[in-house]
Structure formats: structure tokens, C-alpha cells
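In what follows, a structure is listed as C-alpha cells, so that the remarks can point back to it.
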Amino acid sequence: MTSSQKIALALAGVGKIARDQHIPSVENGGDFTIKAAISRNGKIDSAENFESYEKFLETRGDIRAISLCTPPEVRFDMAKKAIAEGLDVLLEKPPAATIGEAQALAELAHASGVTLFATWHSRFANGVEPAREWLLGKTIAKIEITWKEDVRRWHPGQAWIWEAGGFGVFDPGINALSILTAIIPGQTIVEKAILAFPENRQQPIAASLAMKSAAGAPITAEFDWRQEGPQTWDIVVETEQGMLRLAKGGAELYIDGKQAIEGPDREYARIYDRFADLIRTRQSDADFQPLRLVADAFLTGERRIVEPFVE
Ligand code: NAP
């Protein structure tokens, strides 16, 4: 595709994930070109840079698509204004700060006829679609999710993540829930949750969830941000016909202990392929089940106070 045929894209929130994934994936992909960036501190050299979102919307009516890479608490206002201007919108995960916001965005996008793509990047990891296919028709006995990482390593200096609306350990945990809800059908139900809050923070540093699949299989999830040393992002599914394990956040798939899938990480390349397809076919992709599971964990969760977290 020549550069003039590429879809002109704006990107808001030039922070860690924009720099690590979005910008290189767009630059290496064939469908989009970043023409504008909106960020108070970050810049993209090859684009026109705006500090004011309103100024961007007023002056760059030629740009018809936007990726919102800001934290969840500011995403709704940005998405709403973009939809009102008729832009196709890609939302980083989680799609919004609340289910109400997410549903409102879906309705607004539908009414305006624009594409809304609520991305769940972990669903695009190499092992996830093959895992879903392998599980089709099998009887699941139980599922165990272990998502343990070092918050200091992965979220340095991100004060917003600890504030009300910041998701805490559910910021990575929702990635596991996005994979879970992609590989098994129906609505998963939260039965019990225990949330561990550092006494100086608004959001949990760890969470234990007991859930049930639509077919009645027990599901446990252990999310913990205090893991030093090896990091664990595993989902183990025991079925009557064998054992499936997704490791490294869905990048690797093992069936009965034997590696079935590996390969280079293409999560964000696939996300932009999908965004281009959705725009060309005038469709949306906005599944909020992972967000609903997090909300249900907060609704049902027992609160435990743990030692203060100091970065
Ligand atoms: P980040 O490094 O803090 O970057 C977010 C950027 O958004 C900031 O650099 C900031 O840029 C802008 N921003 C606008 N309003 C803000 C506000 N009220 N508070 C803080 N920043 C604000 O965060 P991130 O890690 O890139 O995460 C952004 C989103 O991507 C989150 O929803 C996260 O869950 C998701 N995500 C992150 C990762 C990861 O590995 N970090 C992976 C996948 C998805 P300016 O100061 O220049 O305005």
C-alpha cells in the first residue's frame, strides 16, 4: 500500500505502551500512518504534535482514526469526543474506567456509524486462538490462572495505576481475564474475591478470584504484583481429554506438557491488522466481559489490608 492510501491515524497518550508497541507496530505495518500525536509531555517526531486534544480535533479534520493509549480514567471523554467527530477509535485496554462508560461508547459508536475497537492485546498472543480451537468440544474440569509479576519492573512511576479507577493489580490481571473469556464460551461468573490493598494505596496489589465457567467448571485466578525473580503469566486448563497450558501471557501453548505453539510476538501487529479490517468493513469489536469480571471482583471482594507499598 502506498503512503497516500494508508489510513491517517492520530495517537493520544505517548507513554510506555505507545512507545513500546503502538508506534513501532504502525511504522512496521502497512495500513496506517501516524499523522498526529496528542500528549502533554510525549512527542512523535514524524507527526504533528498537540498538547491540547480539543485543538487537535479542531484542526485535523483530515484524520479519521485515533488510538487512545492514555490511562483508563481519561479515555472516555477522549473517545466520546472522537466518536462525535466521526473518527474510528481504537481503545487500549481496559476500554474504559467503568462498564457504564464502555457501554455508552459502544452505543455512541453504533449510532454514529464509526468503528469502535476495544482491544485486548493478550487475545492476539500466539497461543490464544489455537487454545480456543483445541478446547472446542472438550469438557473442562478446571482452570487455574496464575498472573504474578513485579510492579516495580513493569509499572515504574505510574502513579495513576494506584489511584481510584487505576485498576491496581487488575491492570495486568484483566489481560488474563481477556484470554480466559476468549478461549471458553459464555459468561464467566465471579463467586468470591479477596483483594489485598496496601494500607497507603487506593487499589489492590494482589487478588484471589474464585469463578465458574458458563458450563460450571471451577476457575481460580491468583493475581499478585509482589513477585520478584521469575515472572508468571500462566493459564492451565484441565480437560477430560488432556491438559492445556498457556504460558508467558499466551505467547506459548503446551498440550499435555508438549510445546504446541511458539513464535515471535505479533500482538500489536495483529491489533493494527484487525483495526484496518474493522475500518474497511465498517464494523466494531467491543467485548466488555473482562471489564465486567473485574467490576464483579470489586463488587464481591473481601478487603484485606497489607503492608504499605513504597516504590
Ligand atoms: P503511561 O506510561 O503512564 O502512559 C500513558 C500516557 O497517557 C502518559 O504518558 C500521558 O502522557 C498520557 N496521559 C493523559 N492523561 C493522563 C493522566 N490523567 N494520567 C496519566 N497519564 C496521562 O501508561 P502506559 O503503560 O502506556 O498505559 C496506558 C494504557 O495502556 C493503560 O490503559 C494500560 O493498561 C495499557 N497497557 C499498558 C501496557 C504496559 O506494558 N505498560 C501494556 C498493555 C496495555 P502525557 O503526560 O504526555 O500527556
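The values are calculated or read from the model by the stated rules, or taken from the named source; none is laboratory data. What you see is a predicted model, and the numbers here were worked out from it, not measured in a lab. Using ideal geometry, Cβ is built from the backbone for each residue, glycine included, and neighbour counts are taken over all protein chains shown. Side chains are part of the model used for accessible areas, which takes the heavy atoms of the whole protein and leaves out ligands, DNA and RNA. Shrake-Rupley method; radii C 1.70, N 1.55, O 1.52, S 1.80 Å.
Things worth noting here:
- Distance from the alpha carbon centroid of the range 16-93 to that of the range 224-269 works out to 31 angstrom.
- Cβ-placed point charges (K, R +1; D, E -1), dipole of the range 100-222 about Cα centre in debye, nearest 20: 300
- Taking the three principal axes of the alpha carbon atoms in the range 144-255, the coordinate ranges are 46, 28, 18 Å, sorted in descending order.
- Using θ = phi - 60° in the Karplus curve 6.51 cos²θ - 1.76 cosθ + 1.60, the 3J(HN,Hα) couplings for the range 11-16 round to 10, 10, x, 7, x, 4 Hz; x is entered for Gly and Pro.
- Rounded to the nearest 20, the size of the Cβ-charge dipole of the chain about its Cα centre is 240 debye, with Lys and Arg at +1 and Asp and Glu at -1.
- Built amide H within the under 5 Å cut-off of residue 142, gap 5+: 238
- Full-extension gain in nm, residue 107 to residue 285, via 0.36 nm per residue minus C-alpha separation: 62.9 nm
- Gap separating the Cα centres of the range 297-311 and the range 115-191, nearest whole Å: 19
- Amide H contacts of residue 241 (H built 1.01 Å from N, under 5 Å, at least 5 apart or other chain): 139
- Carbon plus sulfur fraction of accessible area for the chain, probe 1.4 Å, in percent: 49
- Taking a straight line from the alpha carbon of residue 35, these lysines sit under 28 Å away, with near neighbours fewer than eight places off in the same chain left out: 6, 16, 43, 55, 80, 81, 93.
- When you filter the GluC sites (Glu not before Pro) in the range 228-303 for DSSP loop state and at most 13 other Cβ atoms inside 10 Å of their Cβ, you are left with 228, 240, 262.
- Over the C-alpha atoms of the chain, the Rg to Rh ratio, Rh being the Kirkwood estimate, stands at 0.97.
- Helices that extend 15 Å or more along their long axis by alpha-carbon positions and average at least -0.5 on the Kyte-Doolittle scale are, among the DSSP H runs of the chain, 72-84, 99-112, 170-183, 289-300.
- Along each principal axis, Cα extent of the range 180-234, largest first, Å: 39, 25, 15
- Accessible surface, per residue, of the chain when the full set of protein chains is kept, probe 1.4 Å, Å²: 45
- Along the range 225-237 the Karplus relation, 6.51 cos²θ - 1.76 cosθ + 1.60 evaluated at θ = phi - 60°, assigns HN-Hα couplings of 9, 9, 7, 9, x, x, 9, 10, 9, 10, 10, 10, 10 Hz to successive residues, with x for each Gly and Pro.
- Inter-site label distance for residue 306 and residue 28 at 7 Å from Cα along Cβ, in nm: 3.4
- Normalised contact order of the chain, rounded percent, pairs of Cα under 8 Å and 6 or more residues apart: 20
- Inter-label distance, nm, simple model (7 Å from Cα along the C-beta direction), residue 248/residue 98: 4.0
- Whole-Å semi-axes of the range 93-210's equivalent ellipsoid (Cα gyration tensor): 25, 22, 14
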